[in-house]
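Reading through the structure tokens given below for one structure.
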Amino acid sequence: MKYLQATGRMHGFESLAERRLLLAVDFVASGDEVLSQPFRPRFSSKDGKGEHIPDFLLVSGEGGWLLDVRPAHLVKERDVLRFAAARQAAQAAGWRYSVVTGWRREVMTGLETLSAGGGR
């Protein structure tokens with residue numbers, strides 16, 4: 001669990017990559033709400049039916065931002081279809097969509113240093 005100043009409560013995460021995203025969100029997002037695994041879109045493709053649970057939905061007065069978190073070296077072919085379905089769901093709702101595949105080392109070093117020092 002990770003406490004976010006932006007929301008004033010704890011948020012769950014399943015991986016170090018997701019924890020890093022929450023850290024970044026807490027520093028840069030003007031979000032009113034962060035929802036973990038917000039919904040499960042189901043989809044059909046030429047290969048059959050599938051489903052996918054996006055990792056986070058950030059909600060603010062500016063709208064929503066649906067996020068999936070997957071280190072680039074772990075993205076598989078089947079993930080591309082799932083991410084496309086999530087993107088379509090986000091677009092239908094009027095939200096942005098991104099897949100977070102990693103961070104530059106200096107970004108995370110800076111955020112972790114600021115976080116450890118008690119800065120927001």
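The values are calculated or read from the model by the stated rules, or taken from the named source; none is laboratory data. Nothing here was measured: the structure is a model prediction, and the numbers come from that model. FYI the Cβ positions are ideal-geometry reconstructions off the backbone, even for glycines, and counts take in every protein chain you see. In case anyone asks, the SASA skips ligands and DNA or RNA and just uses the protein heavy atoms, side chains included. Shrake-Rupley method; radii C 1.70, N 1.55, O 1.52, S 1.80 Å.
Things to note:
- Each residue of segment 60-76 is assigned a 3J(HN,Hα), and the resulting list reads 9, x, 8, x, x, 9, 8, 10, 10, 10, 7, x, 3, 6, 9, 6, 9 Hz, derived from the Karplus form 6.51 cos²θ - 1.76 cosθ + 1.60 (θ = phi - 60°), x at Gly and Pro.
- Taking S45, S60, S98 as the candidate residues, the one with maximal mean-square fluctuation in a Gaussian network model of the chain, Cα springs under 10 Å, is S45.
- Cut-off 12 Å between beta-carbons: net charge of the residues surrounding D47, Lys and Arg +1, Asp and Glu -1: +3
- Neighbours of V34 by Cβ distance under 12 Å: Lys/Arg scored +1, Asp/Glu scored -1, total -3.
- Among residues other than K76 with Cβ under 14 Å from its Cβ, the summed charge is -1 (Lys and Arg +1, Asp and Glu -1).
- Simple label model, 7 Å out from Cα along Cβ direction - S44 to Y3, nm: 4.9 nm
- Alpha-carbon Rg/Rh ratio, for the chain, with Rh computed the Kirkwood way: 0.99
- Max mean-square fluctuation residue, GNM over the chain, Cα-Cα springs under 10 Å, options L57, L74, L21: L74
- Alpha-carbon centroids, segment 1-32 and segment 65-120: separation in whole Å: 12 Å
- Solvent-accessible area per residue in the chain equals 62 Å², computed with a 1.4 angstrom probe and all protein chains kept.
- Heavy-atom accessible surface of the chain: percent carbon and sulfur, 1.4 Å: 51 percent
- Most fluctuating residue given options H11, H52, H73, as computed from a GNM of the chain linking Cα atoms under 10 Å: H73
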